[in-house]
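The block underneath contains the structure these notes are about, expressed in structure tokens.
The values are calculated or read from the model by the stated rules, or taken from the named source; none is laboratory data. Everything numeric in this text was worked out from a predicted model, so none of it was measured. Backbone-built Cβ (ideal geometry, glycine too); neighbour counts: all protein chains shown. Accessible surface is based on the protein model in full, side chains and every heavy atom, while ligands, DNA and RNA are left aside. Shrake-Rupley method; radii C 1.70, N 1.55, O 1.52, S 1.80 Å.
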Amino acid sequence: MGLGLMMVLAFLRIPIAYAMGIVGLIGDAYMRDWAGWVGVGSAQTEVYETGRNYTLSVVPLFILMGSFVTRAGMSQELFRAAYTCIGHLRGGLAMATVWASAGFGGICGSSIATTATMAKVAYPSMKRFGYADQLAAGTVAGAGTLGVMIPPSTIMIIYGVFTETNIGKLFAAGVLPGILGAVLLCLAIVYTTWRHPTWGPPGPRSSWGERLAALKDVWAVAVLFVFVMGGIYGGLFTATEGAGMGAMGALAFALARRALTWSTLYAALLESARTTAMLFMILIGALMFAEFINITSMPADLKRLVSQMGLSPLMVVAAICAIYVVLGTAMEELSMVLLTMPVFFPVIVHLGFDPVWFGIIIVCVVEIGLISPPVGMNMFVLKSLLPHVPTGTVFRGVMPFMWADVIRLAILVAFPIISLWLPSLMR
């Protein structure tokens, strides 16, 4: 009944955050007590507890860090450094975009921000050297997904809070899958330029002096990433404390470069506040929906069904991944994860899978959803910034990168050690 009502509300174009909250509110009151308005009391509790949750303060802090980093001009330096090293190869500018996106994602945590930034920084350079729109736009959209896998990641934070999984271990678990993703995206570029050599002509070769000078320019990015993630990984501070230190460090770099004025500071704070408010609205709605799901028999029924069917654990994981990929073609990614987590997570725990590993699998599926037609979020961000590029061109250009992410998903499911090795070393 609850899922049916959710579909009706979605058909009426009610935002998913409100739809989940309405279903949770009505369902909670129906299951417990209509007359006493228990559902309203539960909703008030969810809003209050979410707002005062200390762990969730990591969300606005990492978002703020990304805003300061963007305004400090670090994204241009990352792309320039990657370009001087591999820009002379066929498709080299596209591969430089992939590695610059990976580096920017490591200090931003947002796929949308990474895509938007690289559309402004990398796409003009690729067009200047004669790259085809299909490859240039597809690379920016596909590489932008690395922003949610390379830590810090907003999706990982929300997943960790929602499932009570250690956020520091989730961050550590995302490092190797993120690198693997960047390698596979580069291989997708190699394949595309092999089939269409004129789509990605090589650029001029940079001298070793130019390469060293460009690499020296990215020291601030390296210092900020190592300081934040190294401190969390080494146990010097928690993820929340690391977010505060990262935001302060990014602010210090932006001030040192004289990149902040009162107006840009206000814009950064306003952007962070709006993004945080959006995420919290979705999270509160999802928690209200989860409260309703938890008092029904659905999780227990699903676990019992899986046991009775005698399916192997990997078959169940494969089925869940397939469901997420399909949902990703029609839903916004964070809403999709929070909507399904109350149903799927108890099954995963029941089957004995590591929650950290499953979190990485979820992030990988979210990456696929970000570039899946018809509503991949990265596609719409790119289209809004590059209105002259036809939507069909973007969708065709992103397909090799989508398949690269599917291959990575299969690798991560088959070899969990890739995700779990670094977390196992944490104190």
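What the table shows:
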{"item": "Share of alpha-carbon pairs per 5 Å distance bin for the range 221-285, given as whole %", "result": "4, 16, 18, 19, 19, 17, 7, 1, 0"}
{"item": "All Cα pairs of the range 40-197, percent lying beyond 26 Å", "result": "33"}
{"item": "Sparse-neighbourhood loop sites, trypsin sites (Lys or Arg not before Pro) in the range 161-238 - DSSP loop, at most 14 other Cβ within 10 angstrom", "result": "R205"}
{"item": "For the chain: relative contact order, % (alpha-carbon pairs under 8 angstrom, 6 or more apart)", "result": "26"}
{"item": "By accessible area with a 1.4 Å probe, ligands and nucleic acids excluded, highest first: order of V69, V406", "result": "V406, V69"}
{"item": "Where Rh is the Kirkwood radius over Cα pairs, Rg/Rh for the range 145-216", "result": "1.18"}
{"item": "Residues R52 and F227, FRET efficiency given R0 of 35 Å [Cβ-Cβ distance, rounded to 0.05]", "result": "0.80"}
{"item": "Helix-only mean residue ellipticity at 222 nm for the chain, each DSSP H run of n ≥ 4 adding -39500 (n - 2.57), per residue, nearest 500", "result": "-25000 deg cm²/dmol"}
{"item": "Accessible area per residue in Å² at 1.4 Å probe, computed on the chain", "result": "43"}
{"item": "Convex hull per residue volume in Å³, alpha carbons only, for the range 188-320", "result": "280"}
{"item": "Over the range 132-206, relative contact order from alpha-carbon pairs under 8 Å, at least 6 apart, %", "result": "36"}
{"item": "Peptides 143-154, 183-194, 415-426, 342-353 ordered by average Cβ neighbours within 10 Å, highest first", "result": "143-154, 183-194, 342-353, 415-426"}
{"item": "Rounded FRET efficiency, nearest 0.05, which uses the C-beta distance separating M309 from S263 and R0 of 51 Å", "result": "0.30"}
{"item": "Kirkwood Rh and Cα Rg combined as Rg over Rh, evaluated for the chain", "result": "0.98"}
{"item": "For the range 70-163, fraction of C-alpha pairs farther apart than 16 Å, in %", "result": "50"}
{"item": "Net length gained if the chain between R274 and I323 were fully extended (0.36 nm per residue, minus Cα distance)", "result": "14.6 nm"}
{"item": "Cβ-based charge dipole, the chain, positive-most Cα from T97, A172, G24", "result": "T97"}
